[in-house]
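Encoded as structure tokens, the structure appears first; notes follow it.
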Amino acid sequence: MDARFLGIPELAEAPSVAVVVDVMRAFTVAAWAFAQGAEKIVLAGSPDEALALKARHPRWLALKDGPPAPGFDAVNSPGLLRSVDLEGRTVVQKTTAGTVGALAVKEASLVLCAGFVVAEATARLLRTRARDGVTFVVTGEDGQADEDLACAQYIALRAGGAVTDATGFLDRAGRSRAAYELEHGVRQGVHPDDIALCLELDRFPFAMVATPEDSLMVLRPHAVPPPADGASL
């Protein structure tokens with residue numbers, strides 16, 4: 001499989017297939033939101049847009065990264081979100097990197113959002129849907145975030161059929177700048193379990209597909225069953 005790894009500023013045009021990677025923490029949080037029963041996630045372009053959407057839809061739950069803020073119901077932390085009942089709810093998510101990356105490739109024919117927690121399901125979906133190559137959007141640090149690049153490289157190898165040990169990729173993510181900032185209180189709105197939850201390989205059996213719906217970019221879970229014969233990719 002032909003794979004490119006680009007930061008958000010390097011996206012000169014919409015790719016055919018895009019995998020937007022934000023390990024710490026946007027798309028780990030998104031996966032946990034679906035695991036907690038969320039029906040869909042609306043990806044907002046700004047905090048003001050997120051709050052305006054919630055104002056129009058009072059039952060929607062808005063979350064952002066950073067510390068708690070007026071009008072927002074939750075912060076971008078998997079450790080904090082995992083105890084929230086989201087059954088049937090719509091979540092509006094705005095983050096510094098992940099949602100920005102997804103909106104930057106909204107014209108692509110297929111947009112997947114990913115982290116380690118949905119790596120295998122994402123790779124399986126790519127294997128069936130990505131015939132002309134994939135652009136992996138490394139959202140953090142203008143494309144230099146090693147936790148996102150490591151995850152993207154791992155998914156690319158798995159999608160290409162390689163039998164790949166994830167240990168080295170997870171170790172890189174665990175030593176990343178983002179992990180350091182989460183551990184040492186540089187980032188706010190953090191639960192002590194956030195790093196470990198972001199590094200749980202294949203915690204969930206679904207991929208996450210973002211599509212335009214009524215002028216919004218909406219993320220939904222997409223079940224990806226294992227191969228019928230039980231074989232790996």
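Being in contact (Cβ under 8 Å) with a residue 24 or more places away in the chain and surrounded by fewer than 24 Cβ atoms within 10 Å (Cβ to Cβ) is the filter here, so list the residues in the stretch 10-25 that pass it.
Taking the stretch 10-25 first, the residues in contact (Cβ under 8 Å) with a residue 24 or more places away in the chain are 10-11, 14-25.
E10, L11, A14, P15, S16, V17 - these are the residues of the stretch 10-25 that are in contact (Cβ under 8 Å) with a residue 24 or more places away in the chain and surrounded by fewer than 24 Cβ atoms within 10 Å (Cβ to Cβ).
For G161, state whether it is without any contact (Cβ under 8 Å) to a residue 12 or more places away in the chain, assigned to a loop (DSSP other than H, G, I, E, B), over 24 Å from I8 (Cβ atoms) and not hydroxyl-bearing (S, T, Y).
On the way: without any contact (Cβ under 8 Å) to a residue 12 or more places away in the chain: no; assigned to a loop (DSSP other than H, G, I, E, B): yes; over 24 Å from I8 (Cβ atoms): yes; not hydroxyl-bearing (S, T, Y): yes.
Criteria not met by G161.
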Say we look at the stretch 127-141 and pick out the residues that are at pLDDT below 95 and either in a helix (DSSP H, G or I) or not acidic (D, E) (or both); which of these is surrounded by the most Cβ atoms within 10 Å (Cβ to Cβ)? A130
Can you name every residue in the stretch 108-119 that is outside any strand (DSSP E or B), crowded, with 24+ Cβ neighbours inside 10 Å and either of a type in the set (G, A, S) or out of contact with any Phe, Trp or Tyr (no Cβ under 6 Å at 6 or more places or on another chain) (or both)? G115, F116, A119
With the checklist (1) at pLDDT below 95; (2) within 16 Å of the chain's Cα centre (by Cα) in hand, flag the one item S215 doesn't pass. (2)
Name the single residue that is farthest from A97 (Cα to Cα) among those in the stretch 181-196 being among the aliphatic types (A, V, I, L, M) and within 18 Å of the chain's Cα centre (by Cα). A196
Among what's in the stretch 70-102 and is surrounded by 15 or more Cβ atoms within 10 Å (Cβ to Cβ) and in contact with a Pro (Cβ under 9 Å, 6 or more places away or on another chain), pick the residue that is nearest to D22 (Cα to Cα). K94
Which number in (1) in contact (Cβ under 8 Å) with a residue 24 or more places away in the chain; (2) among the hydrophobic types (A, V, I, L, M, F, W, C); (3) over 17 Å from R220 (Cα atoms) marks the one condition that V118 misses? (3)
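Give the residue, chosen from V163, V209, V218, that is in contact with a His (Cβ under 8 Å, 6 or more places away or on another chain) and surrounded by fewer than 19 Cβ atoms within 10 Å (Cβ to Cβ).
Numbers: V163 fails: in contact with a His (Cβ under 8 Å, 6 or more places away or on another chain); V218 fails: in contact with a His (Cβ under 8 Å, 6 or more places away or on another chain).
Unique residue meeting the criteria: V209.
The values are calculated or read from the model by the stated rules, or taken from the named source; none is laboratory data. Bear in mind that the values here come from a model prediction, so they are computed numbers and not experimental data. In this analysis, Cβ positions are derived from the backbone assuming ideal geometry, glycine residues included, and neighbour counts consider all displayed protein chains.
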